[in-house]
Amino acid sequence: MSHLQEINKIAPQLPLEVLQDIDKRIGDWLASGGKEDDPYIEQQLRFAKRFVVQDGRS
């Protein structure tokens, strides 16, 4: 499963503001020439996972 697929999988567990922030960051990254398998996308996934755990939603 790709990092983007994993983000999509946990997206329903994230508050809208967090999901919008991640979406904007990834969109900007891809628009600037970044690739879906770059470490930056993985970093966004790690952030999302930490937020889910920290928020007690997992």
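Things worth noting here:
- Filtered residues of region 24-35 (kept if exposed (fewer than 15 other Cβ atoms within 10 Å of the Cβ) and either modelled with pLDDT under 95 or in a helix (DSSP H, G or I) (or both)): Lys24, Gly27, Asp28, Ala31
- Any hit, region 7-17, residues being of a type in the set (Lys, Arg) and outside any loop (DSSP other than H, G, I, E, B): yes
The values are calculated or read from the model by the stated rules, or taken from the named source; none is laboratory data. None of these values were measured; they are calculated from a predicted model. Cβ sites come from the backbone with ideal geometry, for glycine too, and all protein chains shown count toward neighbours.
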